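Engineer: First, the structure itself, so that you have it in front of you.
The values are calculated or read from the model by the stated rules, or taken from the named source; none is laboratory data. The structure displayed is predicted, hence computed values, not measured ones. Here the Cβ positions follow ideal geometry from the backbone for every residue, glycine too, while neighbour counts run over all protein chains shown.
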Amino acid sequence: MTLQTLDPNTKLCIYCGLVKNKDQFGRDKTKKDKLHKYCKTCIKVTSSLYYYHNKKRNRPIVAIYHCKYPLRVHANKLAAKAEKEGKLISPNICEDCGIEDFSLHKHHTNYTEPLNVTWLCNSCHLARHKPKERVKIIDPDTQRNNHSRHSS
């Protein structure tokens, strides 16, 4: 089967080589078709393998994160527990862009209210956490010194 003969509702997973329904792929705004090149199953498998093989390296990183952001970690744990118990129910639609997605993220605007979450797709959640562009302040004296070194 060639790519031209694919059903418009299907996509080829580059990792496993299987043709799957488009709902089996996560969103990726950077791609032409707005979908990730790996299916959700393959991403889970590769993530699990990566975690397993890098457990010793990641353990101190996770410990530092837990020490640095205890309120955030606590809120995420309580929200995950509430979701598991059915007290917090995930919708299938992203609250920012409105696209249907079955693997939405829980976004906290206030960590002191762990059950008050906004449900976002991966792209919108990353956009919320993306650091704002930093304005680079250039010291004129430093600039003159750099130019004088290069001009001689």
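Engineer: Among the residues of the range 114-142, write down those that are surrounded by fewer than 11 Cβ atoms within 10 Å (Cβ to Cβ) and modelled with pLDDT of 75 or more.
Structural biologist: HIS129, LYS130
Engineer: If you don't mind, there's one more thing I want to ask. Here is a check on your reading of the model: is GLY26 surrounded by 14 or more Cβ atoms within 10 Å (Cβ to Cβ) and either modelled with pLDDT of 95 or more or under 21 Å from ARG128 (Cβ atoms) (or both)?
Structural biologist: yes
Engineer: Here's another thing I want to ask about it. Which condition number in (1) closer than 17 Å to HIS125 by Cα; (2) touching a Cys at 6+ places or on another chain (Cβ under 6 Å) is the one that HIS108 fails?
Structural biologist: (2)
Engineer: So for the range 68-84 (the condition being more than 30 Å from THR112 (Cα to Cα) and touching a Phe, Trp or Tyr at 6+ places or on another chain (Cβ under 9 Å)), does at least one residue qualify?
Structural biologist: The answer is no, given that none of the residues of the range 68-84 is more than 30 Å from THR112 (Cα to Cα) and touching a Phe, Trp or Tyr at 6+ places or on another chain (Cβ under 9 Å).
Engineer: Conditions first: (1) assigned to a loop (DSSP other than H, G, I, E, B); (2) assigned by TED's automatic domain parsing to the domain that holds ASP7; (3) free of Cβ contacts under 8 Å to residues at least 12 places away in the same chain. GLY86 passes all but one, so which condition is the exception?
Structural biologist: (2)
Engineer: Cβ-Cβ distance below 8 Å, separation of 6 or more or different chains: which pairs start in the range 13-29 with a residue that is without any contact (Cβ under 8 Å) to a residue 24 or more places away in the chain and end on one that is surrounded by 13 or more Cβ atoms within 10 Å (Cβ to Cβ) and among the hydroxyl-bearing types (Ser, Thr, Tyr)?
Structural biologist: Once the first residue is without any contact (Cβ under 8 Å) to a residue 24 or more places away in the chain and sits in the range 13-29, its partners that are surrounded by 13 or more Cβ atoms within 10 Å (Cβ to Cβ) and among the hydroxyl-bearing types (Ser, Thr, Tyr) give VAL19/THR10; LYS20/THR10; ASN21/THR10; LYS22/THR10; GLN24/THR41; PHE25/TYR38.
Engineer: Go through the range 76-92 and report how many residues are of a type in the set (A, V, I, L, M, F, W, C) and either surrounded by 14 or more Cβ atoms within 10 Å (Cβ to Cβ) or under 17 Å from LEU35 (Cβ atoms) (or both).
Structural biologist: Going through the range 76-92 one residue at a time, the tally reaches 4.
Engineer: Can you tell me how many residues in the range 1-20 are of a type outside the set (Val, Ile, Thr), at pLDDT 80 or above and either more than 10 Å from CYS39 (Cα to Cα) or not in a strand (DSSP E or B) (or both)?
Structural biologist: Result for the range 1-20: 8.
Engineer: Another question about this same structure. Consider only pairs whose beta carbons are under 9 Å apart and that are at least six residues apart or on different chains; among these, list those whose first residue lies in the range 62-77 and is part of a helix (DSSP H, G or I) and whose second residue is of a type in the set (A, V, I, L, M).
Structural biologist: TYR65/VAL73; HIS66/VAL73; ALA75/LEU115; ALA75/VAL117
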